[in-house]
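Please read the structure below before turning to the comments.
The values are calculated or read from the model by the stated rules, or taken from the named source; none is laboratory data. Since we're looking at a predicted model, the values are computed, not measured. Quick reminder, even Gly has a Cβ in these numbers, built from the backbone with ideal geometry, and neighbours come from all protein chains shown. The accessibility values were calculated without ligands, DNA or RNA, using every heavy atom of the protein model including side chains. Shrake-Rupley method; radii C 1.70, N 1.55, O 1.52, S 1.80 Å.
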Amino acid sequence: MKTIESGTLTGKGLHLSFGTNRVLRGIDLHVERGTTASVIGPSGSGKSTLLRVLNRLIEPDQGDILLDGRSVLKDNPDELRRRIGMVFQQFNLFPHKTVLDNVSLALRKLRRMSAEEAREKALAQLDLVGLRHKADARPGNLSGGQQQRVAIARALAMDPEVMFFDEATSALDPELVKGVLALMADLASAGMTMVVVTHEMGFSRNVSDTVTFMDGGVVVESGPPASIFDDPQTPRLRSFLSDVL
Amino acid sequence: MDAFEQLGKTFFDWEAMVAVLPDLLTVGLPNTLLLALASGIIGTIAGMILAIMGISRNRVLRWIARIYTDIFRGLPAVVIILLIGLGLGPVLREITGSTSPYPLGILALSLIASAYIGEIFRSGIQSVEKGQLEASRALGFSYGSSMQLVVVPQGVRRVLPALVNQFISLIKESSLIYFIGLVASERELFRVGNDAASNTGNLSPLIAAGVFYLCLTIPLTHLVNFIDTRLRVGRKQKPEPDDPAAMIPTSGGVRA
């Protein structure tokens, strides 16, 4: 995989409310290019919302988002999202299109590639996730693990500078989780900048460079995996870890 | 003649049926099909526009779609057909010089159809999971492109059975066009059968017209059932289990 020259992502003082529900209350997150940041925390802590704010699927009420040190809040959000790949808990593949079309759609329509060019590129991406032989299948005929790997290929096809994973293995049967996590670990070691919202503490500890623990819409603690998992400073993180480990 | 013979003669007089056949085939059938197809196509296009308006983030567009739909779904078809056919007749004559109310019949049927089809499309589009729009937006597609490429095609697919049902209704409702008065060559199935029945004092030609309607609608009903089953069950193919050994790509990449 080619080395990516950009992708340092910073969120500064991000606030978001849905009505009176304050989902994010001043989040700071910095992800250095080529590193993997995992975000952990209980359900409803705002982790998944944070990802959606960082790629402006939801606009923040306050705060700034910087990519390579430059604020992207004034940019066209569609342009921003072409630079950030996203993988969802429920895969969200397009069920009316073949696996190949799922991967090549954005290449043809947004990158303006010819059908042949897009096809080649999509097949190469499917190769990378080990599913080239499923190119003509419909997503509905794949297992959950296969669907998620197609979703990863779909996001990677756009050559994103950053990849977001929103609980990418939470909807998978236990025996399929390993394959997807292995693929994510491969991506991380190939130098992709990644933000991974996850309940997989093993992955978080072994693969990520930094771990951010969120609770109640704030970052409670953040640091390298060793200090987060082996030396938690706050009672909230300690009690969370004792619940999940 | 006993009562049964009398009834048989009234409804199943073969000679009367055979006599009306040529007119049913060459005049009635083409006109019924033309009315139903034309208003079906116009109604589908207008219905799609109404559906898009109905889910728009613009409140005014939503309200226009709502009011239109409530009115044209809430009135009896015959009221709309008469009001449009008789009311707009003079206007049409002034513009085109034609006295035929035929286009107005198509217009009235299209107005009714679009209200129903708009609701069908809207419910279909709204039934598509939110994650589909989100995934498309996350790839970098605009709202409009996402709707066009991802959400609407899935929504439409889900409501195909309802759409075919609507077309069946149109075939039947096209018979109401006779209220606005058609010249001999413009008569649809019902009017041809009805005219023959009035002339002969025998209902058999109407039965013959009815058989024509059934020949159109019954296959369509079964088409609905077929599509419905296909959509629910899908083509017969089973997902295969992941093969853990084969699926992990071992790139062994060195950390950059």
task = Return only the number of the condition from (1) among the β-branched types (Val, Ile, Thr); (2) open to solvent by 70 Å² or more (accessible area, probe 1.4 Å); (3) under 30 Å from B:THR99 (Cβ atoms) that B:ILE218 does not satisfy.
result = (3)
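Taking the stretch A:120-142, which residues are open to solvent by 50 Å² or more (accessible area, probe 1.4 Å), among the small types (Gly, Ala, Ser) and more than 20 Å from A:LEU176 (Cα to Cα)?
Narrowing the stretch A:120-142 to residues open to solvent by 50 Å² or more (accessible area, probe 1.4 Å): A:120, A:124, A:127-128, A:132-133, A:136, A:138, A:140.
Subset that is among the small types (Gly, Ala, Ser): A:124, A:140.
If the condition is that a residue be open to solvent by 50 Å² or more (accessible area, probe 1.4 Å), among the small types (Gly, Ala, Ser) and more than 20 Å from A:LEU176 (Cα to Cα), then A:ALA124 is the only one that fits.
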message = Looking for something buried (at least 16 other Cβ atoms within 10 Å of the Cβ), at the interface with chain B (Cβ under 10 Å from one of its Cβ atoms) and without any contact (Cβ under 8 Å) to a residue 12 or more places away in the chain - is there at least one such residue anywhere in the stretch A:29-47?
response = no
note = Scanning the stretch B:133-178 for residues that are in contact with a Gly (Cβ under 7 Å, 6 or more places away or on another chain) and open to solvent by 40 Å² or more (accessible area, probe 1.4 Å), the one modelled with the highest pLDDT turns out to be B:PHE167
task = Of all residues in the stretch A:96-149, count the ones that are within 23 Å of the chain's Cα centre (by Cα) and closer than 21 Å to A:ASP186 by Cβ.
result = 23
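How many of the residues in the stretch B:181-196 are surrounded by fewer than 21 Cβ atoms within 10 Å (Cβ to Cβ) and not hydroxyl-bearing (Ser, Thr, Tyr)?
Looking only at the stretch B:181-196, we keep the residues that are surrounded by fewer than 21 Cβ atoms within 10 Å (Cβ to Cβ), and these are B:181-186, B:194-195.
Cutting the leftovers down to not hydroxyl-bearing (Ser, Thr, Tyr) gives us B:181-184, B:186, B:194-195.
Looking only at that region, the number is 7.
From B:THR26, B:THR99, B:THR10, which residue is open to solvent by 80 Å² or more (accessible area, probe 1.4 Å) and part of a helix (DSSP H, G or I)?
Details: B:THR99 fails: part of a helix (DSSP H, G or I); B:THR10 fails: open to solvent by 80 Å² or more (accessible area, probe 1.4 Å).
Every option except B:THR26 fails the conditions.
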task = For B:GLY43, work out the one condition from (1) closer than 22 Å to B:ALA208 by Cβ; (2) buried (at least 16 other Cβ atoms within 10 Å of the Cβ) it doesn't fulfil.
result = (1)
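Counting only residues that are within 19 Å of A:LEU24 (Cα to Cα), more than 14 Å from chain B (Cβ to nearest Cβ) and open to solvent by 10 Å² or more (accessible area, probe 1.4 Å), give me the strands (runs of 3 or more DSSP E) lying completely in the stretch A:172-236 with at least 2 of them. First the steps, then the outcome.
On the way: elements: A:193-197, A:210-215, A:218-223.
Counting at least 2 such residues, we get A:218-223.
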message = If I ask for residues that are more than 8 Å from every other protein chain (Cβ to nearest Cβ) and touching a residue at least 12 places away in the same chain (Cβ under 8 Å), which ones from the stretch A:102-130 would you list?
response = A:ASN102, A:VAL103, A:SER104, A:LEU107, A:ARG111, A:ALA118, A:ARG119, A:LYS121, A:ALA122, A:LEU123, A:GLN125, A:LEU126
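Within the stretch A:48-88, track down each residue that is on the phi > 0 side of the Ramachandran plot and free of Cβ contacts under 8 Å to residues at least 60 places away in the same chain.
Within the stretch A:48-88, the subset on the phi > 0 side of the Ramachandran plot is A:56, A:63, A:68-69.
Once the filter is applied, which keeps residues that are on the phi > 0 side of the Ramachandran plot and free of Cβ contacts under 8 Å to residues at least 60 places away in the same chain, the stretch A:48-88 yields A:ARG56, A:GLY63.
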message = Considering only the stretch B:230-237, I want to know if a residue exists there that is modelled with pLDDT under 95, in a loop (DSSP other than H, G, I, E, B), within 30 Å of A:HIS96 (Cβ to Cβ) and charged (D, E, K, R).
response = yes
inquiry  = On the basis of being open to solvent by 40 Å² or more (accessible area, probe 1.4 Å) and either of a type in the set (A, V, I, L, M, F, W, C) or assigned to a helix (DSSP H, G or I) (or both), does B:ILE80 make the cut?
reply    = no
task = Evaluate the following for A:GLU59: is it under 24 Å from B:LEU133 (Cα atoms) and either within 14 Å of chain B (Cβ to nearest Cβ) or at pLDDT 95 or above (or both)?
result = yes
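What do you reckon, is A:PRO160 open to solvent by less than 10 Å² (accessible area, probe 1.4 Å), part of a loop (DSSP other than H, G, I, E, B) and within 10 Å of chain B (Cβ to nearest Cβ)? Please lay out each step first, then the result.
Numbers: open to solvent by less than 10 Å² (accessible area, probe 1.4 Å): yes; part of a loop (DSSP other than H, G, I, E, B): yes; within 10 Å of chain B (Cβ to nearest Cβ): yes.
Yes.
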